[in-house]
Every structure is written in structure tokens, then in C-alpha cells.
Amino acid sequence: VRWMMYWIIFALFMATETFTDLLISWFPFYYEVKMAFVIWLLSPYTRGASLLYRRFVHPTLARKEKDIDAFLVQARERSYETVLRFGKRGLNLAATAAVQAATKSQGMLAGRLRSFSMQDLRSLPEQT
């Protein structure tokens, strides 16, 4: 559980740090403060990640639990419909490609068979 709290807080930190890094990286000792913050999050003595998770993240998730569950159900339904739609489209494309390949190969086969007809063989010079 402790590692789960750390990784959730660390992921949120990295997501916000991506944008804030561009704006405040010019402050003196910015990178040192950032490193100290990550060590504070990770340290088993300070339990910074656990503190932040219990104080901020968990109450927010508890308040939004019904919305999150509804979103997950909706995402599951949409993903099933999307898989079916893309599956049907893929099968249609594969069937079309197979029919086109068969049509082209049939035409090539007929052309090759015509080239071996008796008329073509008569036009060849006889060799002894």
C-alpha cells in the first residue's frame, strides 16, 4: 500500500512537473529542491507520499468515486462497441483484398494459359 501511494503521488508530481518545469526551472536551487522533494516522498522516516496521499488524493478520489465508476462502465461499453466496429471493418477489408487478389490472379492465370495454347506453340520456330 505504501508503494502504491508513492507511485500515485510520484505520477501526479511528474505530470505537473512537465508543465511547471518550463516556467520555474530558472529559480536558484530548483533542481536541488525537486530532488529533496522526491527523497522526502520516498523516505520511510518522513512518509511524505503517504501524508500527501491521505490528505489530498484519497479524499478527492472518495468524493468522485461514483463518477469514476460510471466513467469506467461507460468506457467498458464503448470499448466493446469499438472493438466490434473495427473488427467488422477489418473483416470487410480482408474480404475485399482477398476478392481483388483472386480476381487479379485469375486474370494472370488465364493470360499464362493462353500463352501456352497451340497457336502460340505453332508460331515458335522448330528446333531439331
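Overview of values
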quantity	calculated
Those lysines that a straight Cα-Cα span of less than 27 Å connects to residue 88, excepting residues fewer than 8 apart in one chain	104
Mean Cβ neighbour count within 10 Å, used as a protection proxy, ranking 6-17, 35-46, 76-87 highest first	6-17, 35-46, 76-87
In sequence order, calculated HN-Hα J values of segment 21-32 (Karplus, 6.51, -1.76, 1.60; Hz; x Gly/Pro)	4, 5, 8, 10, 5, 7, 5, x, 6, 4, 5, 5
Cα gyration tensor category, rounded, prolate or oblate, for segment 1-61 with a/c compared to 1.5	oblate
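No lab work stands behind these numbers, since they all come straight from the coordinates. Here the structure is a predicted model, which is why all the values come from computation and not from measurement. Positions of Cβ are generated from backbone atoms using ideal geometry, with glycine treated the same way; all protein chains shown enter the neighbour counts.
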